[in-house]
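Presented below is the structure to which this report refers.
Readers should treat all values here as calculations from the given coordinates under stated rules, not as data from a laboratory. Everything quoted here is computed from the prediction, not taken from an experiment. Cβ placement follows ideal geometry from the backbone for every residue including glycine, while neighbour counts extend to all protein chains displayed.
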Amino acid sequence: MRTYKNLNKTKKEPGVLHLTDNLRQYILKAKRNVAFAVNSELVQLYWKIGNSIRTEILHESRAEYGKKLIKNISRNLQSEFGKGYSIANLNHFIKFAEVFQDEQIVYAVSRELTWTHLRQIMYLKDELQRQFYIELCKIERWSSRTLKGRIGSMLYERTAIAKKPDEQIKQDLDLLRNEGKVSSDLIFRDPYVLDFLNLSDTYSEKDLETAILKELQKFITEMGSDFAFLDRQKRITVDGEDYYMDLLFFHRKMKRLVIIELKMDKFRPKDKGQVELYLRWLEKNEMNENENLPVALILCTEKSNELVEFLTLDNDQIKVAEFMTVLPPKEILQEKLQFAIEQAKLRLIGNSEKC
């Protein structure tokens with residue numbers, strides 16, 4: 001049987017090669033469509049099974065009796081359809097139906113996320129957290145493995161939006177879902193985890209910058225998939241004096257230039273003046289007509305939330321975030337992030353009461 005690989009070597013048949021390549025694309029597209037359709041049907045099937053058990057059997061049954069019924073159902077289904085209907089899987093289906101009770105929502109997510117994605121998301125306790133991961137999975141096309149890593153690194157808790165009131169989180173997620181608009185609070189994080197740089201105990205700002213460029217793809221993965229690298233140490237001249245931006249990126253969905261300034265010590269007020277100069281220069285010299293205002297991210301080893309608030313930072317153009325080159329134990333990181341979220345929300349409540 002003659003393979004496509006053999007045909008590719010046949011230089012005397014360009015028409016056949018072209019046709020074969022077209023047919024190959026048709027086949028691959030059809031296979032993808034079939035895979036999507038199968039996944040969608042399976043997700044909806046699992047929901048129907050879980051919902052039927054939840055509403056028809058467990059609704060009025062005692063806990064122990066309900067477990068016995070599930071065991072019997074599992075045994076009957078496995079005898080005809082195989083191990084996919086084990087007790088553990090039936091419990092997953094029931095949980096799925098409990099968390100996502102609207103069948104129309106299930107139909108919508110089944111068109112874009114796999115069962116492996118949804119099984120991870122449905123065990124998250126907070127509804128807004130679940131919505132966040134669903135929408136980010138969709139726009140950044142995360143694999144289920146990537147999703148697992150994002151949840152493990154507590155991405156939601158590190159994202160700026162987690163520190164906002166629930167109503168604002170919901171509004172930003174609705175804008176993303178319905179209109180495709182990405183707010184900066186969904187993109188920027190604090191802290192950033194740069195453990196993949198494998199830096200030694202002591203390193204300079206230049207070492208950090210060099211390591212980032214060496215592991216640029218991993219750095220962009222931590223930042224978010226829509227970041228595109230533009231320049232390093234970009235020189236600008238103001239009043240005859242040269243200045244240098246550490247790293248310059250462009251975010252495709254926000255349509256904004258993004259300056260990343262690296263600071264090897266605590267954030268200081270003078271850092272604000274430095275990036276404001278860069279922002280104004282970019283607005284005047286680099287912005288295209290269809291772009292939004294550029295934004296600056298100051299990455300530092302430590303920051304004072306009170307100082308950031310006094311300087312009216314964390315607005316739409318200047319973000320300040322800590323970075324860590326070693327990922328701490330999850331319990332410590334979770335405690336740190338939960339405290340930061342609570343403090344941020346308390347400050348917002350206090351500010352609103354003053355108004």
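Here are some notes:
- Remark: the Asp207-Ala30 segment gains 59.0 nm on full extension, using 0.36 nm per residue and subtracting the alpha carbon distance.
- The share of alpha-carbon pairs in region 217-300 lying farther apart than 18 Å comes to 42%.
- Considering region 21-75, its Cα convex hull presents a mean projected area of 4.7 nm².
- For the options Ala88, Ala344, Ala321, a Gaussian network treatment of the chain with springs between C-alpha atoms closer than 10 Å singles out Ala88 as fluctuating the most.
- Under-24-angstrom lysine pairs by C-alpha in region 22-136, whenever the two are 8 or more apart or on separate chains: 15
- If R0 is taken as 35 Å, the Cβ-Cβ distance between Gln338 and Ile236 corresponds to a FRET efficiency of 0.30.
- Residues Thr202, Thr146, Thr114, sorted so that the one with the fewest Cβ neighbours within 10 Å comes first: Thr202, Thr146, Thr114
- Counted over all Cα-Cα pairs of the chain, pairs farther apart than 26 Å make up 62 percent.
- With Cα atoms defining each centre, region 152-167 and region 203-242 are spaced 25 Å apart in the structure.
- Cα-based helix-to-principal-axis angle, 330-354 vs the chain, degrees rounded to 10: 70
- Residue order, fewest to most surrounding Cβ atoms within 10 angstrom, among Lys181, Lys253, Lys270, Lys319: Lys270, Lys181, Lys253, Lys319
- Projected label distance in nm at Glu80 and Asp166, using a 7 Å step from Cα toward the beta-carbon: 4.2
- Comparing Leu230, Leu69, Val275 along the charge dipole axis of the chain, the residue lying farthest to the positive side is Leu69, per the Cβ-charge model.
- Amide H contacts of Val320 (H built 1.01 Å from N, under 5 Å, at least 5 apart or other chain): Ile298, Asp314
- Set of lysines with alpha-carbon distance to Lys345 below 18 Å, sequence-local pairs under 8 removed: Lys163, Lys164, Lys170, Lys303, Lys319, Lys336, Lys354
- Counting beta carbons within 10 Å around each of Val308, Val43 and listing the fewest first gives the order Val308, Val43.
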